[in-house]
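Engineer: There's a structure below that I have some questions on.
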Amino acid sequence: MQFQQLQYFVAVAETRHFTRAADLVHVAQPSLSQQIKALERELGADLFLRARGNITLTDAGEALLPLARRILADADTARHEVQELAQLRSGRVRLGATPSLCTGLLPDVLRAFHDRYPGIRLLIEEGGSHDLVRELARGALDLALVVLPLPTPSPALTTVEVLREDLVVVSSPEAAAPGGGRRAVRVCDLEGERLVMFRHGYDLRELTVAACRSAGFEPDFAVEGGEMDAVLGFVRAGLGVAVVPRMVATRAGRGLRVTPLARPGLGRTIALAHRSDVAPPRAARELQRMLLER
């Protein structure tokens, strides 16, 4: 019994017509008929009743049909699984992330992923959540780490929470400590402080400005328009203070004073997003698993 013969048998059983079945499996009708006859000889039973062009299944054919379908389905599953495994030896993952996450969360996870799957190219795009959502929607990214809530909620995206992290105030050790040197400062203590502020479209900028306004004051910018590394550099130089994720402050190393925000403080929720209508490729799903289990 040959795999190809089972394909032909199922095609005839479903179309109840030899010519249409041959077209369906892209083979000449005489060849298909010969293979069906060879299968019947192998099994020792007729599979079809052929009467004036009316094709029906015999009892033997009825018994074989569900088994043949299962064999063909198992073969498809086996082929799919092997192809999926092959994708983990080569290929690419296109991951978007906010700059602060590229600095804080991703290095350790990407190193572990690269060590396990060295043949997978990692393409990283930095941007604000709004830009990353747009890139996901147009198919330019497989996954994106974004800040919730999304700037524009999209039913076409699936999001899974990855972590919640606190924000802290960083300042230069050479400058006066924010909040008069208290161990923890409130957002209202930032009134009168010169802030080093991120560029427009940066999630942390919008969050910080909104928190200041909720506390009853407009923030005073000493410098604005930078990315994460630039902001940290300006703070080290004593140009002002900045509100950044705790993970970033911890990784930033020397040259920064880190002051927590007093309760309830400020925080943000990070989620992993992908398109709902398209399953991420196997390599992207594996990276997703490692991010969620980190």
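The numbers here are math on the coordinates, done by the rules we state, and not lab data. Nothing here was measured: the structure is a model prediction, and the numbers come from that model. So basically every Cβ, Gly included, is an ideal-geometry build from the backbone, and we count neighbours across all protein chains shown.
Engineer: Taking H as built 1.01 Å from N, whose amide H comes closer than 5 Å to the amide H of ALA222, not counting residues under 5 places away?
Structural biologist: LEU195, VAL196, MET197
Engineer: Of the candidates ASP203, ASP23, ASP166, which one comes out as most mobile in a Gaussian network treatment of the chain with C-alpha springs shorter than 10 Å?
Structural biologist: Ranking ASP203, ASP23, ASP166 by mean-square fluctuation puts ASP23 first.
Engineer: Quick one: helix 3-15 against the long Cα principal axis of the chain, what's the angle to the nearest 10°, folded into 0 to 90?
Structural biologist: 80 degrees
Engineer: Please give the calculated 222 nm ellipticity per residue for the chain, where each DSSP H segment of at least 4 residues contributes -39500 (n - 2.57) and the sum is spread over every residue; nearest 500 deg cm²/dmol?
Structural biologist: -13500 deg cm²/dmol
Engineer: Pop out the ³J(HN,Hα) list for segment 250-257 in order, Karplus 6.51 cos²θ - 1.76 cosθ + 1.60 with θ = phi - 60°, rounded to Hz; leave Gly and Pro as x.
Structural biologist: So the J values, rounded to whole Hz, are 5, 7, 5, x, 6, x, 9, 9.
Engineer: In terms of modelled amide H atoms, which long-range or inter-chain residues lie less than 5 Å from the amide H of LEU163?
Structural biologist: Distant-sequence amide H within range of LEU163: ILE270.
Engineer: How large is the Kirkwood hydrodynamic radius of the chain, counting all unique pairs of alpha carbons, in Å?
Structural biologist: Over the chain, the inverse of the mean reciprocal pair distance is 23.6 Å.
Engineer: Additional query: Please list 3J(HN,Hα) in residue order for segment 206-220, calculated via the Karplus relation 6.51 cos²θ - 1.76 cosθ + 1.60 where θ = phi - 60°; whole Hz, with x for glycine and proline.
Structural biologist: 4, 5, 5, 4, 5, 5, 5, 5, 5, 7, x, 8, 8, x, 9
Engineer: Give the angle, between 0 and 90 degrees and rounded to the nearest 10, that separates the Cα long axis of helix 106-116 from the longest principal axis of the Cα atoms of the chain.
Structural biologist: The answer is roughly 30 degrees.
Engineer: Under a crude label model (7 Å from the Cα following the beta-carbon direction), how far is PHE221 from VAL25 in nanometres?
Structural biologist: For PHE221 paired with VAL25, the spin-label model returns 6.9 nm.
Engineer: Let me ask something additional. So for the chain: antiparallel DSSP bridges make up what percent, rounded to the nearest 5?
Structural biologist: 60 percent
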